[in-house]
Amino acid sequence: MNFVAIIQARMGSTRLPGKVLMPLGDTCILDYVVTRCQKIQKVSQVVVATSILKQDDDIENWCELNSVSCFRGSEEDVLERYYVCAQKYKADYILRVTADCPFVDYELASLMIEAMVTNPSDILLYEGQIPRGLAVEVISLQALEKVNLKGTESRHREHVTYYAYEYKESFTCVSLKLPKYLEHPQLRITVDTPEDYEVCQLIAEKFVDNKTISSAEVIQYLLNSPEVSEINAHIKQKPVI
């Protein structure tokens with residue numbers, strides 16, 4: 001079973017342009033995401049999937065400088081970008097990761113893969129809610145092919161796996177019970193806005209020179225530091241259209 005982590009990344013962002021290459025700690029946001037994905041057990045390859053737009057040349061250049069695999073595809077049709085990328089890297093299973101999540105939980109991702117190895121299925125569902133910015137999604141290539149074929153609405157093309165969750169009765173599913181430390185859905189550990197970026201900067205400063213600090217420790221820091229977690233507590237997630 002070939003598990004490939006595909007990180008979607010682009011320089012365009014309505015609320016925070018260029019965010020994926022913005023400084024974080026002594027490096028940048030994308031470096032945090034890639035480094036943490038490389039810690040996921042049983043992942044054979046980590047690929048950054050960006051668009052063919054000129055503005056995303058900077059992402060490809062960063063990948064080349066850091067010896068990270070890079071794939072370029074459609075800017076608007078993210079689902080197609082994922083499907084073609086997954087085919088190129090001969091993935092049996094794809095881990096979908098977004099490049100605005102610098103503290104993605106590699107330990108949770110490892111548990112998700114283990115659940116999929118034990119009970120091979122189309123998609124993985126987890127029970128409960130967690131802080132925004134820590135989770136990955138796991139989907140089989142076969143299921144992604146079906147989603148690419150049947151998902152015709154804009155929400156399906158932009159959000160990649162959305163069709164599979166919207167019509168999950170048409171897919172085989174494996175369920176994972178979340179570790180207790182993750183049960184804090186009120187926290188935002190992602191970078192969509194300047195306030196989010198400030199929170200992640202403070203986390204990086206707290207755990208200086210440690211890009212792979214456990215998500216459990218990050219959560220505990222935020223729980224112990226309400227003056228930090230409240231900075232972006234008012235941010236509303238954009239609705240899926």
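Annotations
- V34 vs. criteria in a helix (DSSP H, G or I), closer than 29 Å to L111 by Cβ and either more than 13 Å from the chain's Cα centre (by Cα) or among the hydrophobic types (A, V, I, L, M, F, W, C) (or both): yes
- Matching residues in segment 150-197 - criterion: being acidic (D, E) and buried (at least 19 other Cβ atoms within 10 Å of the Cβ): D192, D196
- Those residues of segment 11-28 which are of a type outside the set (S, T, Y), at negative phi and modelled with pLDDT of 95 or more, in sequence order: M11, K19, V20, L21, M22, P23, L24, D26, C28
- Filter result (over 21 Å from A135 (Cα atoms), in contact (Cβ under 8 Å) with a residue 60 or more places away in the chain and touching a Ser or Thr at 6+ places or on another chain (Cβ under 7 Å)) within segment 51-104: E75, E80
- Taken as a whole, segment 120-134 holds no residue that is surrounded by fewer than 23 Cβ atoms within 10 Å (Cβ to Cβ), out of contact with any helix residue (DSSP H, G or I) (no Cβ under 6 Å at 6 or more places or on another chain), more than 18 Å from P185 (Cα to Cα) and among the aliphatic types (A, V, I, L, M).
- Residues of segment 49-105 that turn out to be farther than 29 Å from E195 by Cβ, out of contact with any helix residue (DSSP H, G or I) (no Cβ under 6 Å at 6 or more places or on another chain) and among the aliphatic types (A, V, I, L, M), as a count: 3
- Close pairs (8 angstrom Cβ cut-off, 6 or more residues apart or separate chains): of a type in the set (D, E) in segment 31-49, surrounded by 22 or more Cβ atoms within 10 Å (Cβ to Cβ) anywhere: D31/L24
- Flag for V104 being modelled with pLDDT of 95 or more and surrounded by fewer than 19 Cβ atoms within 10 Å (Cβ to Cβ): no
- Pair list, Cβ under 8 Å, 6 or more apart: segment 1-19 residue within 16 Å of N61 (Cβ to Cβ), other residue assigned to a strand (DSSP E or B) and of a type in the set (K, R): none
Conditions tested, residue by residue: (1) buried (at least 20 other Cβ atoms within 10 Å of the Cβ); (2) in contact (Cβ under 8 Å) with a residue 60 or more places away in the chain; (3) in a helix (DSSP H, G or I); (4) touching a strand residue (DSSP E or B) at 6+ places or on another chain (Cβ under 9 Å).
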| site | (1), (2), (3), (4) |
| --- | --- |
| V199 | yes, no, yes, yes |
| E205 | no, yes, yes, no |
| N210 | no, no, no, no |
| I219 | yes, yes, yes, no |
| L223 | no, no, yes, no |
| E227 | no, no, yes, no |
| N232 | yes, no, no, yes |
| K236 | no, no, no, no |
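- In summary, strands (runs of 3 or more DSSP E) completely within segment 97-196 and bearing 3 or more residues that are under 18 Å from the mean Cα position of the chain (by Cα) occur at 123-127, 137-140.
- Scanning segment 181-231 for residues that are polar (S, T, N, Q) and touching a Cys at 6+ places or on another chain (Cβ under 9 Å) gives a single hit, T190.
- Within segment 42-68, being surrounded by fewer than 19 Cβ atoms within 10 Å (Cβ to Cβ) and either part of a strand (DSSP E or B) or within 16 Å of the chain's Cα centre (by Cα) (or both) holds for S44, Q45.
- Exclusive hit being in contact with a strand residue (DSSP E or B) (Cβ under 7 Å, 6 or more places away or on another chain) and among the basic types (K, R), set K54, K19, K42: K42
The values are calculated or read from the model by the stated rules, or taken from the named source; none is laboratory data. Bear in mind the structure is a predicted one, so any value in this text is a computation, not a measurement. Every residue, glycine as well, gets a Cβ built from its backbone with ideal geometry; the counts of neighbours run over all protein chains shown.
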